[in-house]
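Take a look at the structure below.
Nothing in this text is a laboratory measurement; each read-out follows from the coordinates by a stated rule. These figures come from a predicted structure and were not determined experimentally. A quick note on method: Cβ atoms are made from the backbone with ideal geometry, for glycine too, and the neighbour counts reach across all protein chains shown.
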Amino acid sequence: MADIRNLISQLAAQETHLCDTKFLAPCTRGGRVRTRVAGMVCTFKPKPRNFEGWGIFQPVNEKIGEVVEEPSLPQLTEYLQLLVPIRLQLVGALQGQTWLAYPVNESDAKQRFGVAKPLPVHLVNDGAIFEQIIARWDGQSWWFEDIDRRADPLPSEELRTALKKVISPQEIRFKGMTPEMRTVYELVAQQTEEFSEKFQQRRDESRFAGGVTNGWRRVAGVSRSR
């Protein structure tokens, strides 16, 4: 009986400690936030429920964490420094502040994370298509840190110019272009209406040309048979 009472007392103390704890965490719209308290990983629904961004939370109970204030820049920087960085290039917005991005260096991504593929990056609050960024990996999700200030801005401008001119991914060429940039450009082109129309026109022309060629072959066959 004494052991049960001790256990109940410990649980009550942990719950009290939990409600007195404040923690910094990122949150996507409709998502949840996590923190580690007394060696345990605790997950909460944010309050307000539609919160999206970085916040300092305080548990209301074992299920809900309320946003009590915004983190300062030093606090946010300290948090992000604990996570694993990677350089990515933005492809386009998916939903809210979540964007699709692609590794700037495929070999590095494969070596460090095992894959090189399009990735969803959350809380992108300052970005544009083809922009190079720094994101951080927490073991489950990618979080936007900042625009990559060390990146050369000219390739991004070249890609935007080519996109406006509706230049196909196979035809685009400029100094400093990498295979990864071409992949990003192709991903963007796939979601661009002007390219959809252009690709459909090319498919139609290809089918028409194929039909004409087959028609001439049939005619030629008939001529030879005579």
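Descriptive notes on the structure:
- Label-point separation in nm, Leu94 to Thr43, each point 7 Å along Cα→Cβ: 1.7 nm
- Value of Rg to Rh for the range 97-139 (Rh from inverse mean 1/r over Cα pairs, i.e. Kirkwood): 0.95
- Inter-label distance for Lys175 and Ala151, nm, one decimal - labels placed 7 Å from Cα along Cα-to-Cβ: 2.1 nm
- Judged by the mean number of other Cβ atoms found within 10 Å, the most tightly packed of the peptides 93-101, 114-122 leads the ranking 93-101, 114-122.
- FRET E, pair Thr161, Lys110, Förster distance 30 Å, beta-carbon r, rounded to 0.05: 0.50
- Where GluC sites (Glu not before Pro) fall in DSSP loop in the range 38-128, at most 13 other Cβ within 10 Å: Glu62
- Under 27 Å of direct C-alpha separation, and excluding same-chain neighbours fewer than eight residues apart, Lys22 reaches these lysines: Lys45, Lys47, Lys63.
- All-pairs alpha carbon distance profile, the range 20-76, 5 Å steps from 0, percent: 5, 22, 35, 24, 13, 3
- Ratio of Rg to Rh for the range 98-202: 0.97 [Cα atoms; Kirkwood radius as inverse mean 1/r over pairs].
- Taking amide H atoms as placed 1.01 Å from N in the peptide plane, the amide H of Gly92 lies under 5 Å from those of Leu100, each 5 or more residues away in sequence or on another chain.
- Amide H contacts of Phe51 (H built 1.01 Å from N, under 5 Å, at least 5 apart or other chain): Gly30
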